[in-house]
1. Within region 12-29, can you find the residues that are in contact with a Phe, Trp or Tyr (Cβ under 9 Å, 6 or more places away or on another chain), in a helix (DSSP H, G or I) and buried (at least 18 other Cβ atoms within 10 Å of the Cβ)?
2. Surrounded by fewer than 17 Cβ atoms within 10 Å (Cβ to Cβ) and under 23 Å from R117 (Cβ atoms): does that describe A32?
3. Anything in region 50-84 that is among the β-branched types (V, I, T) and over 18 Å from L122 (Cα atoms)? List them, or say none.
4. Among residues belonging to region 99-121 that are loosely packed, with under 13 Cβ neighbours inside 10 Å, more than 23 Å from A54 (Cβ to Cβ) and not aliphatic (A, V, I, L, M), point out the one that is farthest from the chain's Cα centre (by Cα).
5. Consider only pairs whose beta carbons are under 7 Å apart and that are at least six residues apart or on different chains; among these, list those whose first residue lies in region 31-59 and is assigned to a loop (DSSP other than H, G, I, E, B) and whose second residue is at pLDDT 90 or above and among the aliphatic types (A, V, I, L, M).
6. Take the conditions in a helix (DSSP H, G or I), within 17 Å of W114 (Cβ to Cβ) and without any contact (Cβ under 8 Å) to a residue 60 or more places away in the chain and apply them to I9. Does it pass?
7. Filter region 50-91 for residues that are touching a strand residue (DSSP E or B) at 6+ places or on another chain (Cβ under 9 Å) and among the acidic types (D, E) and give the result.
8. Report, by residue number, each residue of region 63-79 that is farther than 14 Å from R11 by Cβ and not polar (S, T, N, Q).
Amino acid sequence: MGDRWSLLIIRDIMVRGYRTFHQFEQAGEGIATNILSDRLHKLEVAGIVIAEQAPEDGRSTHYRLTPKGIALAPVLLEILIWGAHHQESDAPPAFIAQMEQNREAVLAETYRRWEQRDSTPLIPPFASPIHSPKGKSKR
């Protein structure tokens, strides 16, 4: 689990609500399909994710965090908050402040979504900070 791709896959399942190989592939991180396949397999072997047949289409596979995987939620939340403070982030500062002040509520919602198999994104997608609404670069 100590590589960047595995952590991004876990983040995408937990925070973005991704379930399918195609969603991970299209996440914008630029992961090659052979690497994605390898990391999903390694996460499965490690007991972090489980591959299940999609309920609506038995030909499709959905990936889901196991109890061991969802136990990473507090760690991932702290990494997300740290990253928002120290790396370029699309998230508005007010949203990050709200996450920091309501850690327990964010974690409770994360666990609720996991238990109910709710794939609604925990954190909404944000507009890129690179361009202002008037089209002027913020950099």
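1. D12, I13, M14, F24
2. On the way: surrounded by fewer than 17 Cβ atoms within 10 Å (Cβ to Cβ): yes; under 23 Å from R117 (Cβ atoms): no.
Here the answer is no, as A32 does not meet what is asked.
3. First, pick out the residues of region 50-84 that are among the β-branched types (V, I, T): 50, 61, 66, 70, 75, 79, 81.
Within region 50-84, I50, T61 qualify.
4. Q101
5. From residues that are assigned to a loop (DSSP other than H, G, I, E, B), the pairs are I48/I10; I48/L65.
6. Working: in a helix (DSSP H, G or I): yes; within 17 Å of W114 (Cβ to Cβ): yes; without any contact (Cβ under 8 Å) to a residue 60 or more places away in the chain: yes.
So I9 fits the description; yes.
7. Selection gives E52 alone.
8. Keep residues of region 63-79 that are farther than 14 Å from R11 by Cβ, which gives 64, 66-68, 71.
Passing the criteria: R64, P67, K68, A71.
The values are calculated or read from the model by the stated rules, or taken from the named source; none is laboratory data. A quick note: this is a predicted structure, and the numbers were derived from the prediction, not measured. In this analysis, Cβ positions are derived from the backbone assuming ideal geometry, glycine residues included, and neighbour counts consider all displayed protein chains.
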